[in-house]
Each structure stands twice: as C-alpha cells, then as structure tokens.
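The values are calculated or read from the model by the stated rules, or taken from the named source; none is laboratory data. Computed from a prediction, not measured in an experiment: that's the story for all the values here. A quick note on method: Cβ atoms are made from the backbone with ideal geometry, for glycine too, and the neighbour counts reach across all protein chains shown.
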C-alpha cells in the first residue's frame, strides 16, 4: 500500500515538473479562443486582434502565454546556461486620432511572473516604477518598441527606436527602427507609429550569448541583417522558469497597441507566421465606447438649446474656411496637413526671433507645437516667389514619401491662400555651414565628425539617386543645406529645387538652379541637371569640409583649383584645414581631398556615382588617380549673358564671386 502511495506521489511530481516546460513552442494566428492571460486593459477583439491598450490615458495592457517555460538547459551542467529561444510576432501601433501624438510603445517581455505590483504606465510600460526600475532582483528581459523619447528627461519628444532592456527601462542597446540587407549601405526606416503591421524577430543563442533583433514591414521578407546584434549573458537575468508575453502603456499621449500573430520556441526556430492569415489592424480613427450617464438626459436638451445659435455660427465659419482652404488635386495624396493657426502659434506669429534662416525659396522658423511641445522647423514660402506653388508641390510630392536617416523628414504641410508652409523635423545643431564658418564658442569639428558627415551626405544622395522609386536630383547640394543632428549625423535638406524623373529616362530640366561655386560646367552650359551635377556639388562640399574654406573666397581664389595645385606639387595635405592642427589620418585626408577633386572633375563622365563614392569613403575601393583639368571647375554668368569658363592660370576676373542661389533660364 505504501509503495503504491509513493509511486503515485512520484508520478504527480514528474507531471508537475514536466508541466513547467510544456508547450516549449506555440503559434497564434490571431487570438480567438486562445488561453492567454490578459491583464488590465488588454482584450481580444472579435477579429482575433489582441488589443493591449486603447485611447484611454494612463492605462496598462498585458498579455502572457499561460505556461511557465523552463529556460535553463539541463544538458549544460555543471554550469547551467539559458536555453536558446526564438520568437516572432506582428504588431501595429495605431494613433488614437489622425495626426495626434502617439504613446508610449510596447515590449516583448520575459518575466518570472505575470503580475507587476506597483508598475507605472507611460515610459515604464507597465513593468517597473521609479523605485523598482533597474534592480537586478526584477529578473525581467524585454525588447521595447518605443514611440516616445524622454525617460529620465524633463520633456518628452517623438521617438522611433527599438531597445534591449534588462531589469529596467534604460536600454543596454538601442537603434532607430529600420532594416537593411547584408552588404547594403542603405537602411530603410520603419515608422512604429504608422499604424501599419510590422513584424519583429528576436533570437537568442546560448552558444554565442547574443541577442539578434530584426524588424520589417509585413510586406517585406525577413532582412538578412539584424537591426541589433547585442552580446548579453542572460544567465543572471532570467530565472529557471519564465513567462513570455507583451506589455504596453499610455500616458497623456495614447495609441492602440495591437498584436495580430505570435510564435515562440525554445532550442529551435520559432514557427513561421503566415501573414496573410492574420487579422488586420484598423485604419480608421477609433474611440472607446462611451458609458451611459442618466444625467445626460437632462443636460443635453438644455445645452442644445443654449448652444444652437453658437453651433450655427461656428458651422458658418467652418464652411467659409473650407471654401478658402479647398484642396487642389496635387494636395490630396500628401502627408499630414497641419492647421495654420497651430503653426502660427508654434512660431509665435512667425516672429523674427524664431527665424532660423532665409533662402531663395523662403524663410525657415523654429517652432514648438502647442499640443505636443515638440520642436519643429517651418519653412514659409515667400509670396514674391514666382514659382512658389510649383516648388511647394514638388517638395510635397518628393519629401512626403522620402524616408532616410540622412534626409530631413517632412512631418506635414499647410497652405492657406498664398501662404505655403512645410513642417520639418527640427535639427538642433543647425547647418554644416554654420559649424564650419560661424561656430559658437570656438567649436571646431574634428576629423572623425567631418568624415562621418561626408558619409552621411553621400548616403542621402545615394538614396535620392538610386535607392528610391524615382531618381531625385537635389540640385542645390551645399553646406547650408546639410543639417547636423544632436548625434552629429548629417541630414540633407531643402528639396524645393528637386526635379524628379523616372529611372532610365533623361532629365529635360532646362534652367540653371543652384548656388555659384557648386554649379558644374555642363549645367551652366545646358541648364540640364543630372546625377552627375549633384556629384559635382558634392565634390565641392567635400573640399570645403576637408579644407575649411569656401569654394570662392575672392575674385582670384577658387578652392578646387587651389587644391589641384597642391596636388600637382605633391603636397595635397597643405590644403587640409589648419584648424584641425594636423589631428587626422593622413591617408584618409589625402583620399578625401582626391575624392573631392574627382567628384568635381570638369568632365561628367569622369565623376564617380554616389554608390562608388560611398565605397571609396568606406574603404571598399581604392580611389583612382586624379589628373588636372583643362579649365577651372567654377562657372559664372558674364554681363553678356553667356556662361564663361575660367582658365586655372587666370589671376583676375571681372566677375565678383559670392555664394548665392541663382535661377537662370536658358
């Protein structure tokens, strides 16, 4: 009898232990009839979508697979290692209303429990609070998909990054949400708050102790290059049994956080998701169901009577405004349209104190959006620009769809009567021109920063020339159109002069648009812009960055010719910016100066493509020898109206050279 009881206890014990590791892999295509543990604001909609949060402020939503998973590999004794694991899921972050700020993001979570007592919303994503954040006793591993920056900062700002976290909200590794393929220099940004479904892959190897995180839109195959590949030993982070799931939260900013499919596996690849079988996230503005209040049956009739005339008056004003701001055909498929009053308030009425700069096609103002507090740059097209509307339309059509880390993103636009405005990301460090020639507090760009800026501009031009669906000719590449962000990365701006044409077609542009000193000889002669004319201007910019001198400093100084003279004498390093105090890699400096000469060659066919330029800058190819041209690279317009070329030997000129934008019709 005693033996029978002991045998029964043993069987129960074995069953209990095995239950901890049951379902070492699982697959959800939608979540109808699933056995998920749902916490707080999480729910499963009729379509099968798992909704973690809605538009309610300061809410937390969590969902976990109900099984505790055995995470340590017993075969690795005497030292127990965390087992390899793999997961993939499809998520979407949908704004609560079109154009509204989105918050705060979601995270894939591995935790010893499915409850998190005292956890806060907002940046803590329902996992920690100010007291527990960062404590090793949490034993929580998370990969966050964050739409708002500002943890540990006094002010929130728009974010778009993926981070690997252990035991707290400070990421051990973090990258802007984007994807790329092995061997490619081009990275495509993925906007987490777009409302579109995005697939994520997270893989951990117990052998290499590396976590790989990869993301991409669901209409793109899994990229061959992970977004984050981070060495981390999870042995001290995870416990023997862990729950896996998701957590999301909102704050003053809200959004709908959805999961449409999910798979997970230990010691093997997670089962693949069939994206076509997954429920689709909603594309329309969604509001939470209202709750009935008996008081409304009394209040509503009274308020209706009191406000009837006010509503009629406001409706009349609204109809009049619609007539004034009726959309034209080219406006219908454009990015988010801002309200004029919001931009007027953001820029303090376009005060001179908020003016960042002015150019041939308008003035740029700094602004702070009243409803988010985020900083923006507003470009106001001047009324006296004869081609203002056409250039405005060109910017809307190009910038509204272009997305690259080395381009200034267009957030939105506004048109009110003759006032044309574009809303860009605000780039805090200003232009490359100001950093080179008008630095604050005697700041000097070091060589590492300069080479990084040159690579960034090259990456942006490569995207415009070859990586987007159409070729985009910038036509005004110069330091004042290169903005430098807080991380000292270059972002190419001002596409008001851009001309688009399909790949493999010849550009038929016939007017000279650009800045003296950056216009190639063939552009001045024919008025036809091309990729090679952009390369020419980029070559001049290279020499400016390396030498610290403008392309034209007087009637007799031409930067390209001067660098070529140094090169011919075998002393090309004499052209290096003296402010660098010779603190640079000499081989790299020599390569950059030669590349500037090659890009600004007077023969278009001798110039490299931007793809070849990036290979030179990255050290993948060795630059070929540069031979002196027959004529100076600089052109100008004579009083007779004919384009003149200056021989290198000329020491005087009847033209006065200044760096200004021009638009000369043929």
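Somewhere in the stretch 614-633, is a residue in a strand (DSSP E or B), at pLDDT below 50 and either surrounded by 13 or more Cβ atoms within 10 Å (Cβ to Cβ) or in the same structural domain as residue 536 (by TED's automatic domain parsing) (or both)?
In the first step, residues of the stretch 614-633 are kept if they are in a strand (DSSP E or B); the result is none.
Within the stretch 614-633 (the criterion being in a strand (DSSP E or B), at pLDDT below 50 and either surrounded by 13 or more Cβ atoms within 10 Å (Cβ to Cβ) or in the same structural domain as residue 536 (by TED's automatic domain parsing) (or both)), the answer is no, since none of the residues qualifies.
For the stretch 567-586, which residues satisfy the criterion of being more than 25 Å from residue 443 (Cα to Cα) and surrounded by fewer than 18 Cβ atoms within 10 Å (Cβ to Cβ)? 568, 569, 570, 571 - these are the residues of the stretch 567-586 that are more than 25 Å from residue 443 (Cα to Cα) and surrounded by fewer than 18 Cβ atoms within 10 Å (Cβ to Cβ). Scanning the stretch 36-49 for residues that are in contact with a strand residue (DSSP E or B) (Cβ under 8 Å, 6 or more places away or on another chain) and not in a strand (DSSP E or B) turns up 36, 41, 42, 45, 48, 49. Mind checking whether some residue in the stretch 417-427 is in contact with a strand residue (DSSP E or B) (Cβ under 9 Å, 6 or more places away or on another chain), crowded, with 19+ Cβ neighbours inside 10 Å, modelled with pLDDT under 80 and not in a helix (DSSP H, G or I)? Looking through the stretch 417-427, at least one residue is in contact with a strand residue (DSSP E or B) (Cβ under 9 Å, 6 or more places away or on another chain), crowded, with 19+ Cβ neighbours inside 10 Å, modelled with pLDDT under 80 and not in a helix (DSSP H, G or I).
Determine, yes or no, whether residue 279 is outside the structural domain of residue 112 (by TED's automatic domain parsing) and either modelled with pLDDT of 90 or more or outside any loop (DSSP other than H, G, I, E, B) (or both).
Numbers: outside the structural domain of residue 112 (by TED's automatic domain parsing): yes; either modelled with pLDDT of 90 or more or outside any loop (DSSP other than H, G, I, E, B) (or both): yes.
Yes; evaluated as a whole, the condition is true for this residue.
Number of residues in the stretch 536-564 that are part of a loop (DSSP other than H, G, I, E, B) and within 24 Å of residue 604 (Cβ to Cβ) equals 2.
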